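Worksheet: one structure, shown below.
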Amino acid sequence: MTVIRNILLETGYTWHDSGQVSTDTSLFTITSENDLIIAITPQEGMVAATQDEQDGRGLLAIPPTAEYHVHLDKGHFGGPWEAVVPVAGGTQGRIAEEQGFLEEYLEYLPDRAAALMEYMGSFGTTFMRIQVNVDPVIGLQNYEIVNEVLHAHASRMSGELVAFPQHGTLATESQGLLTQALEAGAPILGALDPASIDGDIEASLTTTFNLASSFDREIDIHLHDGGETGIYTIQRIIDYTCDYEMRGRVAISHAFALGQTDDQTVASLAAGLAEQDIPIFTTQPLWHAASMGARAVPWRILADAGVRVQVTTDTINDHWSPFGSGDLLKHASRTAEIWWQVDEISLATTYQMVSNGVLPLSSSGEMLWPMIGDEATMILTDASCLSEAVARVPKERTMIIRGQMDSAPLARRPLNSSGKIRAMRLPV
């Protein structure tokens, strides 16, 4: 049994005559056993923790974050700094670029994937959906290596791998590689731009859905195609999901086209996405919000229609982009800023897009988390409430993993000479 004193929890909202809303909080002691919370006991002010107890120091507890779209297998993080090399040809140009270095990167992949996983975990991420190349250059080698890294970090990070055909579904499966990945146990089948990469929307989607149905696996389609092509592709994904009776087992990543059309079209597609329980995983990119005549995916329209929206990282310092903080709280803050979610409740509610929908309070102020029976995993951060944490993104964060406090968060640990985070003993 583990006892942690002096944890600040949100208990409700207070509505003031001025129109201002404030978040109510109180100090609690949380007791856990066998990884789960068994008691949440109110305190009267700060109390001294005994030698056998842990001290939350009055820090605010917020739910851990969940990363639903990240690539760990083609990056520079964990090694020497490299910026992006300019290439022509958009996505096709980047694919051609990586075909030249994939075999060389195999040597560095275990250390770099581990460094990224640990780095993102230091900010509060405890779950990852990891996109892993399966392609004609290196076959299943990236999948096998990243799978080993994930298993090695199971005490700290849970996750699932997507067998992702970066070089195209049709080209990759022409060599039977996606079939091999599914036979090897890949739980999710990826796909990429059926129009611009595969050149045949129907053939691409038919191949993807046939494979997933045959192996009883989920689907995650990376859709960068914009404009009318992207909108049409989203509708066809909805149609295929219905036809193959795969409701709740298909996701669309990026879906940039939703930010390049009118609200009425988004609302129409949102109805179909909600009906088939197809989530949208979006990075809310600043370059879409600020240029190119586009906007970031309008998540409020989607969410109001019942579509699950997750804000994701995608990449951190790889050959596609030098950017990416690995901090999903920061991503929630950016999303709130882009869409001007500035009041107390809207700020806090934005956090649900990085926490797999988990929030401490409902919009009416009902206490939702943590509850007895929940896993005793949380982020302790230096903020008075979740809305302040989203707005200010405090650096101070301590992880509690299944009741065990990490006293030296990875984000504040020094790097070794190769740029890797120094190893630590994780809670078991």
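The values are calculated or read from the model by the stated rules, or taken from the named source; none is laboratory data. No experiment lies behind these values; they were computed from the predicted model shown. Heads up, the Cβs are rebuilt from the backbone with ideal geometry, glycines too, and the neighbour counts pull from every protein chain shown.
When Val137, Val162, Val132 are checked against the criterion of being in a loop (DSSP other than H, G, I, E, B), touching a residue at least 12 places away in the same chain (Cβ under 8 Å) and closer than 30 Å to Glu202 by Cα, a single residue qualifies: Val137. In region 364-379, what count of residues is obtained for those that are out of contact with any Lys or Arg (no Cβ under 8 Å at 6 or more places or on another chain) and either of a type in the set (Asp, Glu) or in a strand (DSSP E or B) (or both)? Going through region 364-379 one residue at a time, the tally reaches 4. Note on region 7-20: residues that are over 14 Å from Pro360 (Cβ atoms) and under 29 Å from the mean Cα position of the chain (by Cα) total 0. Candidates Asp225, Asp277: the one that is among the acidic types (Asp, Glu), surrounded by 15 or more Cβ atoms within 10 Å (Cβ to Cβ), in a loop (DSSP other than H, G, I, E, B) and within 20 Å of the chain's Cα centre (by Cα) is Asp277. Only one of the listed residues (Ala389, Ala411, Ala332) is crowded, with 20+ Cβ neighbours inside 10 Å, in contact with a helix residue (DSSP H, G or I) (Cβ under 6 Å, 6 or more places away or on another chain) and either at pLDDT 95 or above or on the phi < 0 side of the Ramachandran plot (or both). That residue is Ala332. Is it the case that Ile379 is in the same structural domain as Gln54 (by TED's automatic domain parsing) and either modelled with pLDDT of 95 or more or aliphatic (A, V, I, L, M) (or both)? Yes. With the condition kept exactly as written, say whether any residue in region 47-54 is hydroxyl-bearing (Ser, Thr, Tyr) and surrounded by 13 or more Cβ atoms within 10 Å (Cβ to Cβ). No: region 47-54 contains no residue that is hydroxyl-bearing (Ser, Thr, Tyr) and surrounded by 13 or more Cβ atoms within 10 Å (Cβ to Cβ). Within the span defined as region 177-196, every residue fails to be buried (at least 24 other Cβ atoms within 10 Å of the Cβ), among the polar types (S, T, N, Q) and without any contact (Cβ under 8 Å) to a residue 40 or more places away in the chain. Among the residues of region 215-243, those that are of a type in the set (S, T, N, Q) and either closer than 22 Å to Pro285 by Cβ or not assigned by TED's automatic domain parsing to the domain that holds Thr261 (or both) comprise Thr229, Thr233. Restricting attention to region 304-313, does a residue exist that is over 26 Å from Ala195 (Cα atoms), crowded, with 20+ Cβ neighbours inside 10 Å, in contact (Cβ under 8 Å) with a residue 40 or more places away in the chain and in contact with a Leu (Cβ under 6 Å, 6 or more places away or on another chain)? No, that holds for no residue.
Among the residues of region 255-280, the one identified as in contact (Cβ under 8 Å) with a residue 40 or more places away in the chain and touching a His at 6+ places or on another chain (Cβ under 7 Å) is Phe256. If you check Val132, Val137 for being over 18 Å from the mean Cα position of the chain (by Cα) and aliphatic (A, V, I, L, M), only one passes: Val137.
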